[in-house]
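**Q** Would you mind keeping the following structure in view while I ask a few things?
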Amino acid sequence: MNTADRAESLARAAAHFPELSPPTARDMIESVRLELGHEEILDGFQMYGGHLSMAVAPRTILHILSGNTPHAAFQTMLRGLLLGSHNLVKFPSGGLGKMEGFPGLLPAGLSSRLECSRQLGEDWPRRAEAWVVFGSDVTVAEFRAKCPPQIPFQAHGHRVSVGVVSDDPGLESCALAARDVSLFEQQGCLSPQVIFVGGDAFRYAEALAREMERFAAASPAPPLPLAVEAEIAHARADWDFRASGDRGVRVWKGTGWTVVFEKSEEFPDSPLHRFVFVKPLSENLPSCLARFANHLGGLGVWPGTPANAMRFAGAGFSRICLIGRMQDTPFTWHSDSRQNLASLVRWVDFEP
Amino acid sequence: MQHTDHYADLETEISRWMAAGGGGFEDRLLDVHRFQRAHNPAYRDFCSGLPEPTCWQGIPAVPVSAFKTAGLRSFPEEQTIRTFETSGTTGGSPGRHHFCSLSLYLHAATRGWIRAGLPAENVVAIIPHAAGAPYSSLSQMASWLVPQDRFFFSRRGELLAFLETAGKTVIFGTALAFLDFFEWMNGRRVVLPAGSLAVETGGYKGTRREMPKSELYHLFQERLGLPPDSVWNEYGMTELISQFYTNGLGRPHRAPPWARGLVVSPSTGIEVGEGEAGILKIFDAANLGSVCAIQTRDLAIRRGRDFELIGRDPAAIPRGCSLAADELLS
């Protein structure tokens, strides 16, 4: 099975997950071309400058997945299979829902290249020629310490994402922002925790709250463990109290969602799970975000102009997109600012 | 009537009521609430627009964080004679509990100790004396219960020597202080006389150390010869005046007659059913100078009129690659 065949089969299986922006075969082939220089470079030698080169995928990749969203699992399994590797996939101990059925959607030639389990196989670390690890900084550090130095190690740790609405007097982006916040219960690395708003930020917060309610009516938040519910209740109580003595604070809440308007330039703590802050956009935004310089993920902007993107291109985000598309990553995106196929392969040059 | 007179009168009434056994909790607590709603500006703002409660469970509870962000006083600020501060793990401002009188605190601490069944004699402490820790409410409480020459904080050798020759003794300290002492003992063992007790409190604040209660209580048995039932836990906090006690493992904390715990659902705010878990609110009629209803950050199981603490259970909070900012910076 060559790269194109794998891409076709993968695209058919991926189409069963419309909520995860599934890539087409063309998208996958394009990612190979962009990252490795030629669509067929995994299948044989191709011209590369004045000689020939071939990208050789790891025979076996170990994937350690976190339980926050199915997105990461989806994309990393697709990439590993697209490369033609055998893939050892450690699902989170709590499972990953529908995503665990993905191997069953693949033709035998690909499903046999996926070994999935909620337990880390005893010999998996020894067998793997590349490691891809998703999780907390602690989890990543633990696996990094166990990974032999010659083995490629791709880490995907914690990220904080935000939105910036520079100019939206018609409040057109509110419904889109509500979707970005609510999808995947704000557990994804691209889920915005704060929306910074130019102009009338209070009015925006009010409108966002209406849209959060609307989204929740159509897609209710799932039941949560007690400890998580308690964290949300504490955060609501804290902000309710602050709002009672500060006209610069206002809280809107409904079943499974919370919007807090707050004026200070401090980056607030969110318990996540559809708990979002709206703050006025100020010139000090870069310094407010500087505390998270090594952990910034996605930035949603409105309007999505090049000037807006350039304004924040150096702030540390790996992805800038239009608000409303924060959860819809193209297959070619540089997840965590890196090329995800290129960082796993090794190269063989042939100079005839 | 001047506010000062009103406060002093109410304080005296509550004091007498506590001494008499604290019957009629609801009426007394509603009195305290009405007073605080009228005289505590930050709390008045918080209650603004909320109906007057008709039962003690309906009294609006402030989150403990309110003690960090607001000066919660039901007396004029200039009458403050003492402020206790919280110790915390996450940095930022401490919570501050202001007092214009320590009278009710003294009553609650000493009467609560006795009512729980703890001996008032032969108590030693392994926490600092109030003279050296003026912002610690725990040290203040201990200073009422323990003679000054029986404070052994940071004097482990002297404590060990004392315990080796002491008669029946009650040792009062934080879980962390006990753990430090046990580690320092380095395998040595003292068997305290029958009837001796330990009272541990406070967890492991300010450190990254954690130990399950069962393991800590095993150490009490191993190092001091105290069986689990002879080890008590005091649940209190800087933001409160009253304390809740239990002993042994798996038993609920009991309230003194002038205070109550209420376990509520985090999603509805309504009291949970018997045996169910939720957020713990504390209603403390002795907390006259600040707010008598507080929403703690602890989870608990409702056990009749008592509650069984289950901590905050942060491990149960799944975190993926979207990280709450507080954790990132901790």
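FYI, it's all coordinate maths here, none of it is from the lab. Treat the numbers as computed from the prediction; the structure is a model and nothing was measured. Here the Cβ positions follow ideal geometry from the backbone for every residue, glycine too, while neighbour counts run over all protein chains shown.
**Q** If packing is taken as the average number of other Cβ atoms within 10 Å across a peptide's residues, how do A:331-338, A:292-299 rank, most packed first?
**A** Per-residue mean Cβ counts within 10 Å order the peptides as A:292-299, A:331-338.
**Q** A:I151 label point, 7 Å along Cα→Cβ, cut-off 11 Å on backbone N: hits in the range A:25-68?
**A** Hits in the range A:25-68 for A:I151 at 11 Å: A:60-64.
**Q** Now for a separate question. Expressed in nm to one decimal, what extension gain is obtained for the pair A:R59 and A:R210 from 0.36 nm per residue of sequence separation less their Cα-Cα distance?
**A** In short, 49.3 nm is gained.
**Q** Follow-up question, since we're still on this one. Rounded to the nearest whole Å³, what is the per residue volume of the convex hull around the Cα atoms of chain A?
**A** Per-residue hull volume (Cα only) is 148 Å³.
**Q** Run lengths n ≥ 4 of DSSP H only: what is the helix-derived mean residue ellipticity at 222 nm for chain B, with -39500 (n - 2.57) per run over all residues, to the nearest 500?
**A** Value at 222 nm, helices only, nearest 500: -9500 deg cm²/dmol.
**Q** Can you check what the net charge comes to around A:F74, using other residues whose Cβ is under 11 Å from the Cβ of A:F74 (Lys, Arg +1; Asp, Glu -1)?
**A** +1
**Q** Right, another one. Just to be sure I understand the curve: with the Debye formula and one point per C-alpha of the range A:160-317, what is log10 I(q)/I(0) at q = 0.11 Å⁻¹?
**A** One equal scatterer on each Cα of the range A:160-317 leads to -0.39.
**Q** Per residue and in cubic angstrom, what volume does the convex hull of the Cα atoms of the protein assembly as shown have?
**A** 186 Å³
**Q** Round to the nearest 0.05 the FRET efficiency obtained for A:E351 and A:Q119 when R0 = 56 Å and r is the Cβ-Cβ distance.
**A** With a Förster radius of 56 Å, E is 0.75.
**Q** Give the long-range amide H neighbours of A:C116: residues separated by 5 or more places, or on another chain, with amide H under 5 Å away, using H modelled in the peptide plane at 1.01 Å from N.
**A** The list, which skips near neighbours in sequence, is A:V89.
**Q** For chain A, which cysteines have no second Cys with its Cβ under 4.7 Å from theirs?
**A** For chain A, the answer is A:C116, A:C147, A:C174, A:C288, A:C321, because their Cβ atoms have no other cysteine Cβ under 4.7 Å.
**Q** Exactly which GluC sites (Glu not before Pro) in the range B:102-195 are in a DSSP loop and have at most 12 other Cβ atoms within 10 Å?
**A** Filter output for the range B:102-195: B:E121.
**Q** From the P(r) of the range A:36-144, could you give the percentage of C-alpha pairs in the tail past 21 Å?
**A** Result for the distance tail: 40 percent.
**Q** Per residue, how much space in cubic angstrom lies within the convex hull of the C-alpha atoms of the range B:168-243?
**A** Convex hull volume per residue, Cα atoms: 92 Å³.
**Q** Determine one quarter of the surface area of the Cα convex hull of the range A:1-85, which equals its mean projected area, and express it in nm² to one decimal. Spell out each step's value before the answer.
**A** Details: hull surface 23.5 nm².
So the mean shadow area of the Cα hull is 5.9 nm².
**Q** Convert each backbone phi in the range B:244-258 into a coupling constant with the Karplus relation 6.51 cos²θ - 1.76 cosθ + 1.60 (shift: θ = phi - 60°), then list the ³J(HN,Hα) values in order as whole Hz, x for Gly and Pro.
**A** 10, 10, 8, 9, x, 10, x, 9, x, 7, 9, 8, x, x, 9
**Q** Apply 1/(1 + (r/R0)^6) to the Cβ-Cβ distance of B:D9 and B:T165, taking R0 = 45 Å, and write down the FRET efficiency to the nearest 0.05.
**A** 0.40
**Q** Which percent, to the nearest 5, of DSSP beta bridges fully inside chain A are antiparallel? Walk me through the numbers on the way to the answer.
**A** Values: 14 of 53 bridges.
Approximately 25 percent, going by the DSSP bridge assignments.
**Q** Oh, and also: Starting from the amide H of A:V132, placed 1.01 Å from N in the peptide plane, find each other amide H under 5 Å away whose residue is 5 or more places distant or on another chain.
**A** Counting only residues 5 or more places away or on other chains, the set is A:L62, A:H63, A:I64, A:Q154.
**Q** Could you grab the Rg to Rh ratio for the range B:1-116? Cα atoms only, Kirkwood for Rh.
**A** 0.96
**Q** Taking 0.36 nm per residue of separation and subtracting the Cα-Cα distance, what length does fully extending A:S264 through A:L105 add?
**A** Going from the current span to full extension adds 52.3 nm.
**Q** Helix-only mean residue ellipticity at 222 nm, chain A, DSSP H runs n ≥ 4 weighted -39,500 (n - 2.57), per residue, nearest 500. What is it? Show your work: numbers first, answer last.
**A** Values: 11 runs with 116 residues, N = 352.
Calculated mean residue ellipticity at 222 nm is -10000 deg cm²/dmol.
**Q** Could I ask something else about it? Quick check on the range A:160-317: of the DSSP beta bridges with both residues there, what percent are antiparallel, nearest 5%?
**A** Bridges in the range A:160-317 that DSSP calls antiparallel: roughly 25 percent.
**Q** Compute the Rg to Rh ratio over chain B from the alpha carbon atoms, using the Kirkwood formula for Rh, and round to two decimal places.
**A** A ratio of 0.96.
**Q** Tell me which GluC sites (Glu not before Pro) from the range A:118-147 have a DSSP coil assignment and no more than 11 other beta carbons within 10 Å of their own.
**A** Those satisfying the criteria are A:E122.
**Q** Could you give the length gained by full extension between B:A38 and B:T54, i.e. 0.36 nm per residue of separation minus their alpha carbon distance, to one decimal place?
**A** Additional length available on full extension: 4.1 nm.
**Q** Follow-up question, since we're still on this one. What is the fewest-to-most order of B:R111, A:R203, A:R247 by other Cβ atoms lying within 10 Å of their Cβ?
**A** Least crowded to most crowded, the residues run A:R247, A:R203, B:R111.
**Q** Please compute, for the alpha-carbon atoms of the range B:73-182, the extent along each of the three principal axes and give them in descending order in Å.
**A** 50, 33, 22
**Q** At a Förster radius of 25 Å, what calculated FRET efficiency corresponds to the Cβ-Cβ distance of A:Q339 and A:R144, to the nearest 0.05?
**A** Efficiency for this residue pair is about 0.80.
**Q** Which ³J(HN,Hα) values in Hz, rounded to whole numbers, follow from the phi angles of the range A:34-40 under the Karplus curve 6.51 cos²θ - 1.76 cosθ + 1.60, where θ = phi - 60° and Gly and Pro get x?
**A** Running phi through 6.51 cos²θ - 1.76 cosθ + 1.60 with θ = phi - 60° gives 5, 7, 10, x, 7, 4, 10 Hz.
**Q** Still on this structure, please answer the following. Taking θ as phi - 60°, what are the ³J(HN,Hα) couplings along the range A:177-194 by the Karplus curve (6.51, -1.76, 1.60), each to the nearest whole Hz, with x for Gly and Pro?
**A** With the stated coefficients, the range A:177-194 comes to 5, 4, 5, 4, 6, 7, 4, 6, 6, 6, 8, x, 5, 9, 7, x, 9, 9 Hz.
**Q** What ranking of A:T69, A:T258, B:T268 emerges when the number of other C-beta atoms within 10 Å of each C-beta is taken as an exposure proxy, fewest first?
**A** Placing the least packed residue first, the sequence is B:T268, A:T258, A:T69.
**Q** Taking H as built 1.01 Å from N, whose amide H comes closer than 5 Å to the amide H of B:A130, not counting residues under 5 places away?
**A** HN-HN under 5 Å from B:A130: B:S143.
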